[in-house]
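Peer 1: The following block contains the structure, expressed as structure tokens.
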Amino acid sequence: MFRVFSCLTNEHDWRLVVLAGLVCLLASLVAVSSFRRARAASGRARHAWLMLAGAATGCGIWATHFIAMLAYEPGIAVAYDLWLTALSLILAIAITSAGFATAAIDRYWAPAVGGAVLGAGVAGMHYTGMWALLLPGHLSWSLDLVVVSIGLCVAFSAVALTAAVRAKETAESIAAAMLLTLAIVAHHFIAMGAVQVVPDPTQTFHDYVLSPPTLALAIAGAAIAILGMSLVGAIADSYLSTRTQQFADARKRLIDKSEAQLRQQNVRLDTALNNMTQGLCMFDANEEIVVFNRRFLEMHKLSPQVVRPGCTLRDLIHHRKEVGLLEDDPD
């Protein structure tokens with residue numbers, strides 16, 4: 001790990017390293033927030049939130065990697081292959097979207113497996129991005145650090161999505177985003193510690209390359225895209241929350257109105273029944289009382305504690321026997 005520490009302290013511009021971390025944290029916050037909304041949604045809304053989470057994470061990983069690459073100072077001129085750089089972005093978005101989609105499945109194992117897929121997407125993006133690096137030399141890798149970088153990224157990503165699924169409070173969601181940030185940043189810098197540049201003056205750049213200034217513009221575009229997705233997510237969430245609250249308020253008003261009408265009808269029915277001169281008792285198909293009036297109780301001298309809705313015909317006959325209104329055997 002001394003190699004990783006030496007790479008960080010001697011071969012990187014710390015100002016750009018900090019910027020990479022901040023961009024990564026912002027993307028992770030957008031991703032976790034979108035992922036949690038996806039789990040709460042269904043249908044097309046669920047797919048839209050998952051796509052937003054994957055796009056935010058993919059752009060965040062890509063921007064973090066290449067900002068950190070701009071911070072990397074190997075001491076020689078470098079450039080970047082255009083097509084491989086573009087492929088690394090596509091891979092980041094596609095694989096992380098698959099990871100979020102897997103984690104959103106309603107199974108106990110899904111968050112950990114989805115997080116592992118996401119971690120694999122981070123690693124795939126990083127090493128594709130390193131493949132895009134063009135310089136007068138070739139790259140030599142320390143296999144042990146490569147394995148550690150991938151293993152830690154997969155593990156932290158699995159823990160991050162598990163934490164995101166279980167989060168109940170805002171602070172817990174932020175903690176999940178920080179774990180995801182740690183997975184991405186730790187992977188990048190451990191992987192950078194695993195590489196050494198072996199000079200080779202015979203190596204030349206080919207066509208379709210990105211210079212560092214051009215790459216910086218592309219990174220700025222990715223960062224703006226992340227901010228745009230964050231803004232879209234916030235606006236959509238605000239709109240959905242407002243519409244949901246409006247629907248809930250309208251439903252409550254409708255229920256209150258229906259209950260008030262029902263209470264009024266019950267009062268009218270009770271008034272009509274209790275002002276009848278005849279005694280009334282009505283049973284349902286199960287031979288249980290559903291409606292009776294006060295006059296019925298008075299005429300037969302029955303107890304309202306016994307004769308009430310739900311009282312069976314057999315219970316009523318037994319009660320009439322008890323109060324002396326029936327001489328025959330109730331059965």
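Peer 1: Among Val113, Val78, which is touching a helix residue (DSSP H, G or I) at 6+ places or on another chain (Cβ under 9 Å) and either under 18 Å from Leu179 (Cα atoms) or of a type in the set (Ser, Thr, Tyr) (or both)?
Peer 2: After applying the criteria, what remains is Val113.
Peer 1: How many residues, within the stretch 270-289, are among the β-branched types (Val, Ile, Thr) and at pLDDT 90 or above?
Peer 2: So the count comes out to 1.
Peer 1: Which count do you get for residues in the stretch 83-129 that are under 25 Å from Met69 (Cβ atoms), within 21 Å of the chain's Cα centre (by Cα) and of a type in the set (Val, Ile, Thr)?
Peer 2: 5
Peer 1: Would you confirm, using the coordinates I've provided, whether Ala186 is closer than 20 Å to Gly21 by Cα and surrounded by fewer than 20 Cβ atoms within 10 Å (Cβ to Cβ)?
Peer 2: yes
Peer 1: Does Leu87 satisfy the criteria of being at pLDDT 85 or above, part of a helix (DSSP H, G or I) and of a type outside the set (Gly, Ala, Ser)? Steps first, please.
Peer 2: Details: at pLDDT 85 or above: yes; part of a helix (DSSP H, G or I): yes; of a type outside the set (Gly, Ala, Ser): yes.
Yes: the conditions hold for Leu87.
Residues are listed down the side, and each one gets a yes or a no for (1) assigned to a helix (DSSP H, G or I); (2) at pLDDT 85 or above:
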position	(1), (2)
Val18	yes, no
Leu25	yes, yes
Leu29	yes, yes
Arg37	yes, no
Trp49	yes, no
Gly60	yes, no
Gly75	no, no
Tyr80	no, no
Ala101	yes, yes
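Peer 1: Here's something else I'd like to know. Quick one: what pairs do we get from the stretch 147-162, first residue more than 13 Å from Pro111 (Cβ to Cβ), second among the β-branched types (Val, Ile, Thr), C-beta under 8 Å, 6+ apart or different chains?
Peer 2: Short answer, once both residue conditions are applied: Val148/Ile190; Ser149/Ile190; Leu152/Ile190; Cys153/Val122; Cys153/Ile184.
Peer 1: Taking the conditions exactly as written (among the aliphatic types (A, V, I, L, M), out of contact with any strand residue (DSSP E or B) (no Cβ under 9 Å at 6 or more places or on another chain) and modelled with pLDDT of 85 or more), does Ala222 satisfy them or not?
Peer 2: Answer is no for this residue.
Peer 1: In the stretch 132-187, what residues are closer than 21 Å to Leu29 by Cβ and of a type in the set (Asp, Glu)?
Peer 2: Glu169, Glu172
Peer 1: Let me spell it out: the conditions are (1) over 18 Å from Ala104 (Cβ atoms); (2) buried (at least 19 other Cβ atoms within 10 Å of the Cβ), and Ile174 meets all of them except one. Which number is the exception?
Peer 2: In the conditions (1) over 18 Å from Ala104 (Cβ atoms); (2) buried (at least 19 other Cβ atoms within 10 Å of the Cβ), Ile174 misses (2) alone.
The values are calculated or read from the model by the stated rules, or taken from the named source; none is laboratory data. Only a predicted model underlies this, so the values are computations on that prediction, with no experimental measurement involved. Quick reminder, even Gly has a Cβ in these numbers, built from the backbone with ideal geometry, and neighbours come from all protein chains shown.
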